[in-house]
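Working notes, beginning with the structure itself.
The values are calculated or read from the model by the stated rules, or taken from the named source; none is laboratory data. What you are looking at is a predicted structure, and each value in this text was computed from that prediction instead of being measured. Ideal geometry is used to build each Cβ from the backbone, glycine not excepted, and the neighbour counts take in all protein chains shown.
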Amino acid sequence: MSNYVIQADQQLLDALRAHYEGALSDRLPAGALFAVKRPDVVITAYRSGKVLFQGKAAEQEAAKWISGASASNETADHQPSALAAHQLGSLSAIGSDEVGTGDYFGPIVVAAAYVDRPHIAKIAALGVKDSKQLNDEAIKRIAPAIMETVPHAVTVLDNPQYNRWQRSGMPQTKMKALLHNRTLVKLVDAIAPAEPEAIIIDEFLKRDSYFRYLSDEDRIIRERVHCLPKAESVHVSVAAASIIARYVFLEEMEQLSRAVGLLLPKGAGAIVDEAAARIIRARGEEMLETCAKLHFANTKKALAIAKRRK
């Protein structure tokens, strides 16, 4: 269980009590001013000003309240001192996000974008938001403008390499961790000597697990790294990275479609099964190695469809 501690003054203690008024507990530990009990977090405020956050949502709740005073993470994770979301949003930051993990056809693409303080408003004015909220036409319109404005880096894990990693026993979460770190290495080097005040990864697993997956990497970006859920709402750099990643993914899908002679659908639904079956019948099962994530259930379904229609 994650434990986060902040040191609060009286004004912050009053704000905490008011915010969580509906979840205040009648049972108080020794020395406590008040306690909050929710399914995902327990918060205990002590007379000393110490406020302890415990539970699955400890990191997220603590991050709402820390204003740059005193903070510590009492887990072995060594998460950097949390910052309130509005504070992170105003910093010069690198954001990192990935696309393609749930698509049967196409690669995984990770992108990172560096948006410094002077460019935050300009990037936001482009209509930047999480790529999942934008259609393909909007992505193709907005992404080039972002890419011309801010430093960025992209890593593409093509399908043959994906399938080799997967057959070796590597989980997709580790693949994503490796891709994010390698993309961050490229961008950190590209913007040097400038240094980001924060590096924000759209959370796909907890920070300690993320770094465990990187233990064998030659170089690991560790400083000021935050793994946050819905990070595109925290800093515009993550939303920008999401759009760049989606744009590159769409380009990769177009190239793969030309290579296999069939417009490849996105996702992993029934239309994907039909498209894979057509590829098997026209080009052979081995063609899927070049354009699909073979361990998805779609492969088995497509083989059955292709067999029935021989």
Q: Quick one: count up the residues across segment 260-293 that are free of Cβ contacts under 8 Å to residues at least 60 places away in the same chain and either in contact with a His (Cβ under 6 Å, 6 or more places away or on another chain) or over 14 Å from Pro107 (Cα atoms) (or both).
A: 20
Q. Gly269 versus (1) assigned by TED's automatic domain parsing to the domain that holds Gln172; (2) on the phi < 0 side of the Ramachandran plot: which is the lone unmet condition?
A. (1)
Q: Report whether or not Met147 is closer than 30 Å to Lys56 by Cα and surrounded by fewer than 22 Cβ atoms within 10 Å (Cβ to Cβ).
A: no
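Here's the yes/no breakdown for (1) part of a helix (DSSP H, G or I); (2) more than 21 Å from Trp165 (Cβ to Cβ):
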position	(1), (2)
Ser257	yes, yes
Leu263	no, yes
Lys266	no, yes
Glu286	yes, no
Leu303	yes, yes
Q.
When the residues of segment 205-221 are narrowed to those that are of a type in the set (D, E, K, R) and surrounded by 14 or more Cβ atoms within 10 Å (Cβ to Cβ), which ends up modelled with the highest pLDDT?
A. Glu217
Q: For Tyr210, state whether it is in the same structural domain as Asp158 (by TED's automatic domain parsing), assigned to a helix (DSSP H, G or I) and in contact with a Lys or Arg (Cβ under 7 Å, 6 or more places away or on another chain).
A: no
Q | Qualifying strands (runs of 3 or more DSSP E) (wholly inside segment 1-111; at least 1 residues being buried (at least 21 other Cβ atoms within 10 Å of the Cβ), among the aliphatic types (A, V, I, L, M) and at pLDDT 90 or above) | A | 32-38, 41-46, 93-99
Q: Sort through Val225, Val185, Val248 and tell me the only one that's at pLDDT 95 or above, crowded, with 19+ Cβ neighbours inside 10 Å and in contact with a strand residue (DSSP E or B) (Cβ under 9 Å, 6 or more places away or on another chain).
A: Val248
Q: Examine segment 176-184 for a residue that is farther than 29 Å from Asn135 by Cβ, within 13 Å of the chain's Cα centre (by Cα) and hydrophobic (A, V, I, L, M, F, W, C), and state whether such a residue exists.
A: yes
Q.
Consider segment 213-255. How many of its residues are more than 19 Å from Asp158 (Cβ to Cβ) and part of a helix (DSSP H, G or I)?
A. 12
